[in-house]
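Below is one structure, written out as structure tokens; comments come after it.
The values are calculated or read from the model by the stated rules, or taken from the named source; none is laboratory data. Values in this document were obtained by computation on a predicted structure and should not be read as measured data. For neighbour counting, all protein chains shown are included, and Cβ atoms are generated from backbone atoms with ideal geometry for every residue, glycine included. Note: areas computed on protein heavy atoms with side chains; ligands, DNA, RNA excluded. Shrake-Rupley method; radii C 1.70, N 1.55, O 1.52, S 1.80 Å.
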Amino acid sequence: MHITHKPNTRKINFIITGFIVLLIGGILCIFVRHRLVLKNNVPPPPPEMTEANLTIKSFQHVATEDGIKKWTLEAASASLYSQDNIVILKNISVIYFRHDNPDITLKADEGELNTTTNDMNLNGSIVGVMPPYKIKTETLNYDHQLRIININNPVTITGTSMLLQADTMTYTIEKEIIKCYGNVKGSFIGNIQ
């Protein structure tokens, strides 16, 4: 018995083979694209895979001396590195308490707290309210023992009738003294006493 191929069966075989090749190519393309997307969206390592000894969400800390609250700190997350006595903080809000005076508040994107000294370094979009003034800067350091805020980069200070800009600034919390240094520029409205 002899089988002859009709021209239509060759066309059908060609179409089916082409369809299979396109299907395999499409599946490979989707697979490769999916792998690339997964590589770009790698989630951060879990706390047990980092060098941090402990990672906490919604972190809160209260610094006291002789039973008196000196300041409180809240952060969206905190990673403790006990070997270095450091806590790395994200989305920070700090309130410094003053006897018979309004509290001072600072907000920053990130920072670092020394667990031994209670000194802090804050970074990123810092906004501070030191009634009656408001400050904006990018980095600042807090010396807990001296209760001094040091800003070593450009700072803007605003009040109800004034605007000051300086290269650096120090603020003594207990004495409420602001000192500005380097390229100090200001504008004032009204009577200055």
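So, counting K/R as plus one and D/E as minus one, what does the shell of residues with Cβ under 10 Å around residue 109 add up to? With Lys, Arg at +1 and Asp, Glu at -1, the neighbours total 0. Return one number: the angle in degrees, 0 to 90 and rounded to the nearest 10, between the long axis of the Cα atoms of helix 7-40 and the longest principal axis of the Cα atoms of the chain. Orientation of helix 7-40: about 20 degrees from the principal axis.
Helix-derived [θ] at 222 nm for the chain: sum -39500 (n - 2.57) over DSSP H runs of at least 4, divide by residue count, nearest 500?
Value at 222 nm, helices only, nearest 500: -6500 deg cm²/dmol.
Subtracting the Cα-Cα distance of residue 160 and residue 22 from 0.36 nm times their residue separation leaves 42.6 nm of extension gain. Using only the Cα atoms of the chain, build the gyration tensor, take square roots of its eigenvalues as a ≥ b ≥ c, and label the shape rounded, prolate or oblate: rounded if a/c is under 1.5, else prolate if a/b is larger than b/c, else oblate. Cα axes put the chain in the prolate bin. Of 71, 116, 162, which is farthest towards the positive pole of the chain's charge dipole, taken about the Cα centre with +1 and -1 on the beta-carbons of Lys, Arg and Asp, Glu respectively? So the residue furthest toward the plus end is 162.
Only the Cβ atoms of Lys and Arg (+1) and of Asp and Glu (-1) were treated as charged; on that basis the dipole of the chain about its Cα centre amounts to roughly 1640 debye. In this structure, the residue pairs whose Cα-Cα separation is over 21 Å, taken from 69/175; 70/185; 107/136; 57/134; 90/175; 136/179, are 70/185; 57/134; 90/175.
Relative contact order, whole percent, for the stretch 46-193 stands at 12, derived from Cα pairs under 8 Å and 6 or more residues apart. A 1.4 Å probe run over the protein chains yields, for the chain, 70 Å² of accessible area per residue, whole-number rounding.
Let me spell out the model: positive unit charges on the Cβ of Lys and Arg, negative unit charges on the Cβ of Asp and Glu, origin at the Cα centre of the stretch 98-193. What dipole size does that give, in debye rounded to 20? Rounded to the nearest 20 debye, it is 380 debye. If you take all other residues with their beta carbon under 11 Å from the beta carbon of residue 118, and give Lys and Arg +1 and Asp and Glu -1, the sum is -1.
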